[in-house]
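One structure is given here, and the rest of the page talks about it.
The values are calculated or read from the model by the stated rules, or taken from the named source; none is laboratory data. As the structure is a computational prediction, the values presented were derived from the model and not from experiment. Please note: Cβ atoms are built from the backbone with ideal geometry, for glycine as well, and neighbour counts cover all protein chains shown.
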Amino acid sequence: MKKLCSPLPALLAGVLLSGCNWTVINPSGYVAKQQSNLLIFSVVLMLLIIVPVMFFTCYYAWKYRAGNQQAEYDPEFYHSNKLEFMVWGVPIAIILVLGTITWGSTHLLDPYRPLTRIDSATQIAGTEENLGAVKRLTNAVIDPKRSDSPATANVETLVIEVAALDWKWLFIYPEQGIATINEVAAPVNVPIEFKLTSASMMNSFYIPALAGQIYAMPGMQTRLHAVINDEGAFKGFSANYTGHGFSQMHFQFHGLSQAGFDDWAAKVRGSGDVLDRAEYLALDQFDQKDEKGHVKYFGTRHYGQVDPQLYYAILNMCVTPGAMCMDEMMHIDMAGGAGVEGIDNVKRLRYDRRRTQQAQIDLAEFSGVMPGDYVCTSRSVASDLDAAAGRTLRISLSSDAAAGTPTL
């Protein structure tokens, strides 16, 4: 028995220490570290209920087993203040603590919230931290090493535009004028703002070492603020099932020094390839399958130049010539619609059926109805479209509607 038990402590220690390599538990980004601390705190707090319940379940099952004649049994027992306090008081206290910390962390770790620090001891210049009692308590849990007198770092936020395609990730660096497929890089200790959308279906963007996952959805933009604190190569992937090629939607995230990032950007810029709308439409296709019917990994690709309006067109679902942009559609709706004279606009919405029809738009059908025309409508509606947002559209009669047909 001694020979059997002797290696158990070493084995148990090995299992526990193996968690040091778990990215979620031991991440490399400031936001992810706070999320890790929150996860550990929540689990430990819940174990305060789970462990005693499991222990006493086994204990009383053994104590009052049929073969134990020494166990005391009181058939008249019906109430105990101590037990009532334990059964109700402790869980309520744990729920109150969990609720308080959850509320505070929901605000502090909001992915839309710009960062005020790049680590526990360094605040970003020009930012303010107005923390109430709940948020200060939450910081004590999720950021226990947080300094009350942090150093100041004068750093600019790096903006990266992300589009989920089938089945690959497109990254656009608007300030650097470059783009990549399935590869993204950022300098360490520099705040990052990801702007995310999708070209087709709802997706999930996740770099465990950097921050939590966030959805990317067609026709809308989500944001994620994060920072990487350690150099290295980290895995990113789609965290939600999105179709047959879902397993191939992974990419590499590189945390680099500032000099290393500049060299990487120069390398991408030197590729010579241009990502314009025509190239994007060629990319926005289902990836090819191998002989077994499995979708192949697309690989990485660099573009030294990129259309500065491409992300806007992807976000507004109007990359294809002749397609109406989502913001145009919203302006029409805000103005109360375009009436009879807006019938031609309906034709421009056919891009929304492109996926199911698997056919390109016939541009001849949309002669004179192209992006940039904005909207085909009457003068009265056009004037309201140019007015401030929120103005109520009035029904008017145009000279052409004298026969009694009103124009909106």
Review point. Being hydroxyl-bearing (Ser, Thr, Tyr) and more than 33 Å from the chain's Cα centre (by Cα), is that true of even one residue in region 75-89?
Key: yes
Practice item. Can you run down the residue pairs with Cβ atoms below 9 Å, 6 or more apart or on separate chains, where the first is in region 109-124 and free of Cβ contacts under 8 Å to residues at least 12 places away in the same chain and the partner is crowded, with 18+ Cβ neighbours inside 10 Å? Key: Asp110/His225
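Among the strands (runs of 3 or more DSSP E) confined wholly to region 216-282, which include 1 or more residues that are free of Cβ contacts under 8 Å to residues at least 24 places away in the same chain and assigned by TED's automatic domain parsing to the domain that holds Pro187? Outline the logic, then answer.
Values: elements: 222-226, 232-238, 250-256.
Qualifying strands (runs of 3 or more DSSP E): 232-238.
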Review point. Within region 19-47, how many residues turn out to be in a helix (DSSP H, G or I), surrounded by 10 or more Cβ atoms within 10 Å (Cβ to Cβ) and at pLDDT below 90?
Key: 1
Check your understanding: Quick one: in region 225-250, which of the residues that are among the hydrophobic types (A, V, I, L, M, F, W, C) and surrounded by 23 or more Cβ atoms within 10 Å (Cβ to Cβ) is farthest from Arg117 (Cα to Cα)?
Key -> Met249
Check your understanding: Restricting attention to region 176-215, which residues are part of a strand (DSSP E or B) and free of Cβ contacts under 8 Å to residues at least 60 places away in the same chain?
Key -> Ile192, Phe194, Leu196, Ser198, Asn203, Ser204, Phe205, Tyr206, Tyr215
Check your understanding: Just one of the numbered conditions (1) under 18 Å from Gln221 (Cβ atoms); (2) without any contact (Cβ under 8 Å) to a residue 40 or more places away in the chain is not true of Gly293; which one?
Key -> (1)
Point to revise | Residue satisfying condition, being assigned by TED's automatic domain parsing to the domain that holds Ser28, within 20 Å of the chain's Cα centre (by Cα) and either loosely packed, with under 15 Cβ neighbours inside 10 Å or among the polar types (S, T, N, Q) (or both), within set Arg136, Arg113 | key: Arg113
Practice item. Hey, could you check region 110-153 for residues that are of a type in the set (Val, Ile, Thr) and part of a helix (DSSP H, G or I) and say which is farthest from Leu210 (Cα to Cα)? Key: Val134
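So in region 73-90, with the set limited to residues that are among the aromatic types (Phe, Trp, Tyr) and under 20 Å from Ala61 (Cα atoms), which one is modelled with the lowest pLDDT? Steps first, answer last, please.
Restricting attention to region 73-90, the residues satisfying the condition of being among the aromatic types (Phe, Trp, Tyr) are 73, 77-78, 85, 88.
This time we only want the ones that are under 20 Å from Ala61 (Cα atoms), so: 73, 77-78.
Values: Tyr73: 78, Phe77: 83, Tyr78: 84.
The selected residue is Tyr73.
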